[in-house]
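The values are calculated or read from the model by the stated rules, or taken from the named source; none is laboratory data. Nothing here was measured: the structure is a model prediction, and the numbers come from that model. In this analysis, Cβ positions are derived from the backbone assuming ideal geometry, glycine residues included, and neighbour counts consider all displayed protein chains.
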Amino acid sequence: MNNENILVTGGAGFIGSELVRQLVKLSHVNVINFDKLTYAGNLENLKSIENLENYTFVKGDICDEKQLAQVFIDHDITKVIHLAAESHVDRSITDPLLFVRTNLIGTASLLNAAKIYWKGDYANKLFFHVSTDEVYGSLEMGSELFTEKTSYDPRSPYSASKAGSDHLVRSFYHTYQFPVVISNCSNNYGPFQFPEKLVPLCINNILNNKPLPIYGKGENVRDWLYVGDHADAILTILKDGQIGETYNIGGHNEWSNLDLVKVICSTMDDKLNRPKGESEKLITFVKDRAGHDLRYAIDSSKIQNELGWTPKFQFGEGIKKTIDWYLSETEWLENVSSGDYKTYYENQYG
Ligand code: NAD
Ligand code: TYD
């Protein structure tokens, strides 16, 4: 019999589904995927594993205390990996309260549900909170990196709500000796990412010959990590991470938005047999995002030195793999981007 019943929240989203697909390969684990299926959650992402015996899907809301209590009882949950969140900065600018509800109230409700169910017996229990490097704020251009000791300085409703959720998780550790661990990861890219985020948005728009909206001058810098490497880091922390600790996860892979989009353009030209430079013509500079953070970059030496994790994918390889996936899964792309779906930019200015 499997001896770990792991509740993954947000397992139908981009990173959550990658994690679930990796987690179900562990024979001693039952995975219970608890997801509300918002616009960002999609059970198609789990088609390849949905019939496995050690996988169960439960539709539910992390803000609903009754549903949470029930899932803990029904599945005798021993560990939680919490990814459910509203995750897009642009949406947080138009609807900040939704982010407070899901990311703050939701995380508090989940912590409380685990606390009630575990009744102070924390042997072999774990509450793993998956967070973002955006809680640290914005770096100047240069070589400074976010470490686990960098003070929090969130600057968007999204990052503020994630920062608040991290504080709640730490408060449970200090107040109740609750068995928590936190990871803060940089920007992810890879298959199954909803095409409102920069990388899949560009791939989708190039396919459809639509403009590629670059906020401001495209100078802002992000540290990009392949999603499979993020899931691998989460599994590493799950296995060897120390209770009460925080681990930064990043790719040492900084790109300005403009340079990143140019790489996507040239790779797409190759793949689509378009003349060199064709896709770049779609680049369109648009009004900057309000409060746009200049630079994020992660120092991941703690997880590398203490737990032996390093990213496996070089950026060139990861981006080709990602583009190949979107080109072979055009139906997925069409399904998620049909109906009333509009990108943030189209909603504001389209
Ligand atoms: P996503 O938006 O693709 O998926 C979020 C998932 O959460 C969806 O399946 C959605 O249905 C579910 N969800 C939303 N509200 C819910 C609720 N109230 N109850 C239950 N489920 C709900 O997000 P993602 O990009 O996969 O990010 C997952 C986590 O990782 C988030 O916590 C995010 O803050 C964090 N993170 C993301 C990145 C990134 O680059 N995408 C980087 C670092 C950390
Ligand atoms: P995004 O994928 O939204 O991630 P985050 O804001 O969490 O870093 O955006 C990545 C970068 O790309 C960010 O600096 C904003 C920029 N961006 C654009 O220039 N145009 C776009 O259409 C989008 C969605 C993002």
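Selection within the stretch 125-140: residues that are in a strand (DSSP E or B) and away from ligand 2 (no atom under 12 Å from the Cβ). The member of this set that is surrounded by the most Cβ atoms within 10 Å (Cβ to Cβ) is VAL130.
For the stretch 276-295, a residue qualifies if it is within 27 Å of the chain's Cα centre (by Cα), surrounded by fewer than 16 Cβ atoms within 10 Å (Cβ to Cβ) and either part of a strand (DSSP E or B) or at positive phi (or both), and the qualifying residues are THR284, PHE285, VAL286, GLY291. Among the candidates LEU212, LEU201, LEU225, LEU272, the residue that is closer than 28 Å to TYR39 by Cα and either away from ligand 1 (no atom under 16 Å from the Cβ) or surrounded by fewer than 19 Cβ atoms within 10 Å (Cβ to Cβ) (or both) is uniquely LEU212.
Residue-level analysis places PRO191 among those that are closer than 23 Å to THR38 by Cβ, in contact (Cβ under 8 Å) with a residue 12 or more places away in the chain and not charged (D, E, K, R).
If we keep just the residues of the stretch 87-102 that are surrounded by fewer than 22 Cβ atoms within 10 Å (Cβ to Cβ) and outside any helix (DSSP H, G or I), which is farthest from the chain's Cα centre (by Cα)? It comes out as ASP95.
Taken as a whole, the structure places TYR117 among residues that are farther than 16 Å from LYS36 by Cβ and not in a loop (DSSP other than H, G, I, E, B).
Restricted to the stretch 99-113, and to residues there that are in contact with a helix residue (DSSP H, G or I) (Cβ under 7 Å, 6 or more places away or on another chain) and among the hydrophobic types (A, V, I, L, M, F, W, C), the residue that is nearest to ligand 2 (Cβ to nearest atom) is PHE99. Applying the condition of being touching a strand residue (DSSP E or B) at 6+ places or on another chain (Cβ under 8 Å) and outside any strand (DSSP E or B) to the stretch 219-228 and asking which residue is farthest from ligand 2 (Cβ to nearest atom) yields VAL227. One residue alone among ILE62, ILE6 is crowded, with 24+ Cβ neighbours inside 10 Å and away from ligand 1 (no atom under 15 Å from the Cβ), and that residue is ILE6.
Listed here are the residues, each with its yes/no results for (1) in contact with a Gly (Cβ under 9 Å, 6 or more places away or on another chain); (2) touching a residue at least 40 places away in the same chain (Cβ under 8 Å).
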site: LYS271; (1), (2): no, yes
site: GLU278; (1), (2): no, no
site: HIS292; (1), (2): yes, yes
site: LYS312; (1), (2): yes, yes
site: PHE315; (1), (2): yes, yes
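Has the stretch 272-286 got at least one residue that is modelled with pLDDT of 95 or more and under 23 Å from VAL130 (Cβ atoms)? No. Only residues that are near ligand 2 (Cβ under 9 Å from one of its atoms) and either in contact with a strand residue (DSSP E or B) (Cβ under 6 Å, 6 or more places away or on another chain) or in a loop (DSSP other than H, G, I, E, B) (or both) were counted across the stretch 189-204, and they come to 6. Annotation note: of GLY218, GLY228, the sole residue that is at positive phi and at pLDDT 95 or above is GLY218. Is at least one residue of the stretch 143-159 over 27 Å from THR94 (Cβ atoms), of a type in the set (Gly, Ala, Ser) and at pLDDT below 95? Yes, the stretch 143-159 contains a residue that is over 27 Å from THR94 (Cβ atoms), of a type in the set (Gly, Ala, Ser) and at pLDDT below 95.
Against the criterion of being away from ligand 2 (no atom under 16 Å from the Cβ), farther than 16 Å from GLY190 by Cα and out of contact with any Leu (no Cβ under 9 Å at 6 or more places or on another chain), LEU307 qualifies. Within the stretch 30-71, the set of residues being among the hydrophobic types (A, V, I, L, M, F, W, C) and under 17 Å from ILE6 (Cβ atoms) comprises VAL31, ILE32, PHE34, LEU46, ILE49, LEU52, PHE57, VAL58, ILE62, LEU68, VAL71.
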